[in-house]
Amino acid sequence: MRSVVALLLLVTGGGGAAAAAAQARTAAPAPLGAWTPTPELPGMGRPVDTAAVAARRRALLQRIGRGIALIPASHERDLEKEYIQDNDFRQNNTFFYFTELETQDAWLLLTARGPDSLETVLFLPPRNPGQERWTGLRLGPDSVATRLSGIATVLPVDSLERRLFAARFRVRGPVYVPLDVTTRDERRVIDLVFSGQDVRNLRQLADSLREVKDADELARLRRAVDISVAGHVAAMQAARPGMYEYEIEAVLEAGFRRNGADRVGYPSIVGSGPNSTTLHYDVNRRQTRDGDLVLVDAAAEWGQYTADVTRTWPVNGKFTPRQKAVYDLVLATQQVAFDSVRPGTTMRDLNRVAQTYMREHSAKLCGDQTCDAYFIHGLGHPIGMDVHDVTVPGRQKLEPGMVITLEPGIYLVEEGLGVRIEDDVLVTPTGAEWLSAKAPRTTADIERLMRGGR
Ligand code: GLY
Ligand code: MN
Ligand code: MN
């Protein structure tokens, strides 16, 4: 847009109201999620990082050693059978990880006959101009697909069975399929071609690759986080006692969408007063009251990756001493956990650090029990293409490039007082980096923002 505006100014020589309007337009910052799509890439697709996906495919084939991986793409969702909230289509994560293509009804075939003999074939349905009047342009089995995907061999999907039979007899070894996303029709093809073969679930192998994020994934996650932060900030700025939770949700999600979010990463949780103590409350229908805390656990998905951010704030902009005391214990617990994040530590270690800190610093804040009794969920989890991304077992050592949440909370049901603070954190070679810290975290910063400050 910027270059178009600049070009117009050059052509018209600028001047007058039109130039002033153009100037105003150039001055507006680009939305956080702005990323110009490749013109030929149909639908909502963004440019593929062809080097990144090729490296991921190589890594998978190297793990397989000798064998086949066969990955179907997702299909369009059915407006008449499903309650679709965003788009007719979202790619499944396994297909996306190895292609970054947002195209439906495709298949990816990877074969390994040893470390020096790796082959990738992309199968695409033929284009259908009549259907494209409804769906918009689609990727077809042609040179455009080859160029955009970076995959040299792109074939029509009706040659799939023939190629699979050929692969079956050429390649010895197991056949890996993401069994969670294959439909009954796809299973029929697989059973027909590979009957009697060692067919395994691909998910475990594919998921293990997804634990450490590569540079392209981190760039996507950072955008998702920045967009999420913008939504949280907008919600805090707009909040007033008496607003309904859904009004706050609307401001929050408008903030996501205005910044280019593709969708929410999970249903937005806007829990005020007593609802702040229900961990996954997402009905969002209550009217807030003066004096309530509001717990907002919400994040944007961008480029297939989602953040996961929670902020808790007073709807009237001022914490009571009691709210602040509980809040500050949660905040300090989160900080102690953050300070312990480094390669080699485990989620179990971090949980222990957080629980211990909260227990030892509770004093009488939570009555007869220490506050850790009211911290009723885990400290955090990995994020990525799923909000609860591929599971890193509690005992597994963290590595640089993993992205996790740190989300301690205290939920005092009898007082209708729940506090959770959740940030996204990148494990670095020497420790950790806050990704979502631009959303105010301390009570002073939250109050300043809600008073109209920055
Ligand atoms: N938003 C879900 C979670 O925090 O785990
Ligand atoms: Mn979380
Ligand atoms: Mn969350």
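In region 338-443, Cα pairs under 8 Å separated by at least six residues give a relative contact order of 29 percent. Note: relative contact order over the chain, using C-alpha pairs below 8 Å and six or more positions apart, is 13 percent. Give the shape of region 110-213 as rounded, prolate or oblate, defined through the alpha-carbon gyration tensor: a ≥ b ≥ c are the square roots of its eigenvalues, a/c under 1.5 means rounded, and otherwise the shape is prolate if a/b is larger than b/c and oblate if not. Prolate shape, in that a/c is at least 1.5 and a/b is the bigger ratio. Only helices enter the 222 nm calculation for the chain: every DSSP H run of n ≥ 4 contributes -39,500 (n - 2.57), and dividing by all residues gives -11500 deg cm²/dmol, rounded to 500. Of all beta bridges that DSSP places with both ends in the chain, some 80 percent have antiparallel geometry.
Ignoring any ligand, DNA or RNA, what whole percent of the accessible area of region 160-242 comes from carbon and sulfur when the probe is 1.4 angstrom?
50 percent
Solvent exposure of the chain, expressed per residue, is 46 Å² of accessible area, with all protein chains present and a 1.4 angstrom probe. In terms of packing, defined here as the mean over residues of other Cβ atoms within 10 angstrom, the peptides 50-58, 282-290, 265-273 line up highest first as 265-273, 50-58, 282-290. For region 199-268, a simple Cβ point-charge model (Lys and Arg +1, Asp and Glu -1, everything else neutral) yields a dipole of about 160 debye relative to the Cα centre.
Leaving out ligands, DNA and RNA, what percent of the accessible area of region 291-395 is carbon and sulfur, probe 1.4 Å? Of the solvent-accessible surface of region 291-395, carbon and sulfur hold 53 percent. Per-residue packing, averaged as other Cβ atoms within 10 Å, sorts the ranges 431-437, 295-301 into the order 295-301, 431-437, beginning with the highest. Straight Cα distances below 30 angstrom link LYS364 to the lysines LYS318, LYS324, with same-chain residues fewer than 8 positions distant left out.
In degrees, nearest 10, range 0 to 90: what is the angle between the Cα axis of helix 160-170 and the longest Cα principal axis of the chain? The angle comes out at about 80 degrees. Axis of helix 321-340 versus longest Cα principal axis of the chain: the two differ by about 40°, to the nearest ten degrees. Classify the chain from the C-alpha gyration tensor, please: rounded if a/c falls under 1.5, else prolate or oblate depending on whether a/b exceeds b/c. Oblate. Judged by the gyration tensor of its Cα atoms, with axes a ≥ b ≥ c, region 358-452 is oblate; a/c meets the 1.5 cut and b/c is at least as large as a/b. Surface composition of region 409-454: carbon plus sulfur atoms hold 49% of the accessible area, using a 1.4 angstrom probe and ignoring ligands, DNA and RNA.
Pairs over the 24 Å Cα-Cα cut-off, from the set LYS397/LYS438; LYS81/LYS213; LYS213/LYS438: LYS397/LYS438; LYS81/LYS213. Ordering THR120, GLY431, LEU449 by the projection of their Cα atoms onto the charge dipole of the chain, which places +1 on the Cβ of Lys and Arg and -1 on the Cβ of Asp and Glu, puts THR120 at the extreme positive end.
Relative contact order for region 128-258: what percent, with Cα pairs under 8 Å and sequence separation of 6 or more? Reported relative contact order: 16 percent.
The values are calculated or read from the model by the stated rules, or taken from the named source; none is laboratory data. Keep in mind it's a predicted model, so treat the numbers as computed, not measured. Every residue, glycine as well, gets a Cβ built from its backbone with ideal geometry; the counts of neighbours run over all protein chains shown. Calculation scope for accessible area: heavy atoms of the full protein, side chains included, ligands and nucleic acids excluded. Shrake-Rupley method; radii C 1.70, N 1.55, O 1.52, S 1.80 Å.
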